[in-house]
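Throughout, read-outs are computed from the coordinates displayed, never taken from laboratory work. Since this is a predicted model, take the numbers as computed values, not measurements. Don't worry about glycine lacking a Cβ; one is built from the backbone with ideal geometry, like all the others, and counts go over all protein chains shown.
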Amino acid sequence: MVMDNSPPLSRRAVIAGTTLLTAALAAPLSAAGPGGGSGDFAFQDGHWQVRHRRLRKWLAGNDEWYEYGGSCTAGQLMAGAAGYEDNLLNDPRGAYRAEGLRRFDPRTRLWSIWWWDERFSDIAPPVTGRFENGVGTFLGDDTFDGRPIKVRYIWDHVAPGVPRWQQAFSADAGTTWETNWRMEFTR
């Protein structure tokens with residue numbers, strides 16, 4: 001979710017989260033073959049300390065970053081064809097929890113990732129993509145400050161055993177991208 005101010009978690013959000021989880025887990029499964037798929041996120045299983053680095057203002061030509069810590073517990077569901085991450089973010093503007101839910105579609109061989117931030121009543125639209133050569137790239141559509149944007153997540157490794165997630169926004173349909181958030185995970 002990319003908004004900065006919203007009402008607290010609502011009954012609608014709880015229902016939406018339950019509906020999302022039910023839909024993600026109900027899709028049929030088949031074994032993954034070459035080229036990734038089921039189990040792609042096994043590298044993230046377990047408990048992590050997380051270093052967050054975020055731009056202070058997004059899509060504003062800003063280059064001022066701030067940093068804070070957090071933690072994450074992640075794991076696989078459905079033998080690796082789905083997964084979750086439970087995050088505690090110690091943002092100096094106010095600590096909060098957020099969830100990531102992932103689901104692999106064996107028909108398209110693509111992952112969908114949903115982000116649910118407890119500060120907002122809606123679940124962010126999914127980003128969809130795959131891993132190629134050890135790098136996962138996931139794209140989707142959303143809105144920011146009332147205007148349509150493209151969202152990109154990239155999963156890679158800055159060093160062996162140190163996964164990194166990056167989020168970028170594009171206000172020009174993907175011609176240019178602004179990376180606005182990075183997370184580095186360490187044991």
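What to note about this one:
- The strands (runs of 3 or more DSSP E) found entirely in the range 102-187 include none that carry 1 or more residues being polar (S, T, N, Q) and touching a His at 6+ places or on another chain (Cβ under 9 Å).
Condition check ((1) over 23 Å from Lys57 (Cα atoms); (2) of a type outside the set (Val, Ile, Thr); (3) surrounded by 14 or more Cβ atoms within 10 Å (Cβ to Cβ)) across all residues:
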residue: Asp105; (1), (2), (3): yes, yes, yes
residue: Trp115; (1), (2), (3): no, yes, yes
residue: Asp122; (1), (2), (3): no, yes, yes
residue: Val127; (1), (2), (3): no, no, yes
residue: Gly136; (1), (2), (3): yes, yes, yes
residue: Tyr153; (1), (2), (3): no, yes, yes
residue: Asp156; (1), (2), (3): yes, yes, yes
residue: Glu184; (1), (2), (3): no, yes, yes
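- Selection of the range 48-78 for residues being touching a helix residue (DSSP H, G or I) at 6+ places or on another chain (Cβ under 9 Å) and assigned to a strand (DSSP E or B) yields Cys72, Ala74, Gly75, Gln76, Leu77.
- Just one residue in the set Gly174, Gly94 is surrounded by fewer than 14 Cβ atoms within 10 Å (Cβ to Cβ) and within 21 Å of Gly69 (Cβ to Cβ); that residue is Gly94.
- Residue pairs meeting the criteria (Cβ under 7 Å; at least 6 apart or on separate chains; first at positive phi, in the range 106-127; second outside any loop (DSSP other than H, G, I, E, B) and surrounded by fewer than 19 Cβ atoms within 10 Å (Cβ to Cβ)): Arg109/Arg130
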